[in-house]
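Just below is one structure, and these are the notes that go with it.
The values are calculated or read from the model by the stated rules, or taken from the named source; none is laboratory data. In this text, all values refer to a predicted model and were calculated from it rather than measured experimentally. Neighbour counts run over all protein chains shown; Cβ positions are idealised from the backbone, glycine included. For the accessible areas, the whole protein counts, side chains as well, though only heavy atoms, and no ligand, DNA or RNA atoms are used. Shrake-Rupley method; radii C 1.70, N 1.55, O 1.52, S 1.80 Å.
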Amino acid sequence: MSDASTEGPYDVIVVGSGAGLVGAYVAAARGLRTLVIEKTGYLGGTTAYSGAGIWIPANPAIIRAGVDDTTEAGRAYLDAIVGDDSPAALREAFLQEGPRMIDELEQNPRFQRFIWRGVPDYFAGVQGSSAIGRTIFPPDLERSELGDLEPLVRRPIWTERWGVDKGTTMIGGQALIARALLAFMETGNGTVHINTGLEGLLVEDGAVVGVEVTSNGERVKIFADKGVLLAAGGFERNGELRRKYQPDLGDEWTSGCPGNTGDALRAGMDVGADTALLDESWFAPGLVVPHNRPVFYTTVWSGIWVNDAGERFINERLPYDRAGHEMRRHHLTSDVAHIPTHWVFDQRQIDNDGFGTLPVEPQVPGWFDVDEWLEAGVLERADTLEELAEKIGVPAGNLTKTVEEFNGFARTGVDEHFHRGEAPWDLMITKGPQGPHTDGSNPCLGVIDRAPFYAAKVVLSDLGTKGGLKTDQHARVVRPDGSVIKGLYASGNTMAPMTGRIYPGAGGPVGSSMTFSYIAALDLAGA
Ligand SMILES: Cc1cc2nc3c(=O)[nH]c(=O)nc-3n(C[C@H](O)[C@H](O)[C@H](O)COP(=O)(O)OP(=O)(O)OC[C@H]3O[C@@H](n4cnc5c(N)ncnc54)[C@H](O)[C@@H]3O)c2cc1C
């Protein structure tokens, strides 16, 4: 590597300031001199964009809320859904250490007590699945409590992408990052460098002993006596890596934060790390909006999705990662294009609910302006379904037949093809401000018959890539022969996922990112 000045040694270096901040706090709280380096000018990564739902079975916050859950039930649920791509030892480490992590964080007044909110697990009807879920959230935090640290925290996604005022109260991922940052700095053992990006790992005698970074334009070697935790997110914002590992996808539709360009993945591979599941992401349908990346889209209140043949192919209310996987599977295995998908709905949707319960929509006054959307070419409108079909290029006969059939299901309350409205998740958000949009008994099915008719574009978006460096159950990065690379740890989306190809419930990514950052910190502290 190049000539560079040196810094350190610290005990621990954490690369990336998303959920890795939890690991940084836990290490620093155990007396380890801990440095966090962050490539961008803000701390928090995609974690700061997130709702900070945290999925951990039998954690103290849900037990306190009176939810009937056990580690055994969580284990049975994961066993039933993950398939062969998830290492059992990692799942067990997650199940054991996740609740302990929440317990430990709650002992610090900065974190206060996490709050359970009933979000059903994403797979219903399998052993151990919970209809009221295992997802907890951090309490909100007043921005003023951060004092001088406030400008460091990454802005909410709706501020960064749509310019909406960030407000005085931090919610979701903003609150989580802010709380972790306060706790970390108050240990007295924490240092943060922003605008400092990992370039490569320093190795001596086969062990990682530090990092080489570019910090505000300067090359610096920073040393760590105990080890380096790579918590630098995925590679969702790197078009080249995306096309290499996910050739059917680019980087233009992701909701991941700008810094996540796979630098830590590359650095780990350069020192011999094994990888897994680089073709995977935390998928989500993305509603294409004017002049920006698509909106992460969790709820279809009314209408249907059709492919280029004008046919439905999915329960449109499937949990987002499952919906995304289905879109991708159909698109790759059929002659008919399924991406973009056409979301076809009628005037009722707009009269009742604007444009659905989108995460950003309530924050953005006038965000859904029909004329602007039509002008930008991301929305089509027509007085008849036949005309709409022509505008979006699908066979008119097929579209009218599909809508007639769906209207029949709405009236009887049974979606005979895709069973929309039968799972607890489907039912979680079932009505707009004006009430349920249905003529039948199923609140997830509403007839499509009030002109004009509309079609919006739904692409395959993601919350970040998911595959990464393989680790053992202590979050230690391993080589293809299974041996540990001494001094190197990974967590979050830099790490090959504990959950394999599936997304168990709301809070899967943040829950596992926090837990494996915690596990790495315990190992680094010799605990
Ligand atoms: C709108 C939205 C809502 C979501 N809601 C939820 C939710 O409620 N629950 C949930 O579980 N998941 C949610 N997700 C997904 C979740 O936020 C992410 O999967 C998760 O936060 C990733 O955590 P991480 O720590 O791996 O990476 P990140 O939080 O993205 O942090 C990685 C950090 O590393 C930095 N970095 C990258 N390269 C370098 C380098 N070379 N040197 C130094 N630093 C570097 C990045 O700039 C970034 O700050 C949501 C995502 C979105 C977009």
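Figures for the structure shown
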item: Residue match in the range 349-365 (condition: open to solvent by less than 30 Å² (accessible area, probe 1.4 Å) and either of a type in the set (G, A, S) or modelled with pLDDT of 90 or more (or both)); result: yes
item: Whichever residue in the range 242-286 is closer than 17 Å to L460 by Cβ and assigned to a helix (DSSP H, G or I) and, among such residues, is most open to solvent (accessible area, probe 1.4 Å); result: R243
item: Check on F313, part of a loop (DSSP other than H, G, I, E, B) and on the phi < 0 side of the Ramachandran plot; result: yes
item: Selection within the range 408-423 - surrounded by fewer than 18 Cβ atoms within 10 Å (Cβ to Cβ) and either at pLDDT below 90 or of a type outside the set (A, V, I, L, M, F, W, C) (or both); result: G408, R411, T412, G413, E416, H417, H419, E422
item: Filtered residues of the range 217-236 (kept if closer than 26 Å to S513 by Cβ and open to solvent by 10 Å² or more (accessible area, probe 1.4 Å)); result: F223, D225, K226, A231, A232, G233
item: Filtered residues of the range 366-404 (kept if modelled with pLDDT of 80 or more and within 21 Å of D165 (Cβ to Cβ)); result: E372
item: Any strands (runs of 3 or more DSSP E) falling wholly within the range 441-527 and containing at least 1 residues that are more than 30 Å from I392 (Cα to Cα) and open to solvent by 10 Å² or more (accessible area, probe 1.4 Å); result: 476-478, 484-490
item: Test for S513: is it polar (S, T, N, Q) and within 19 Å of T34 (Cβ to Cβ); result: yes
item: Residue check for V289: at negative phi, in contact with a strand residue (DSSP E or B) (Cβ under 7 Å, 6 or more places away or on another chain) and not in a loop (DSSP other than H, G, I, E, B); result: no
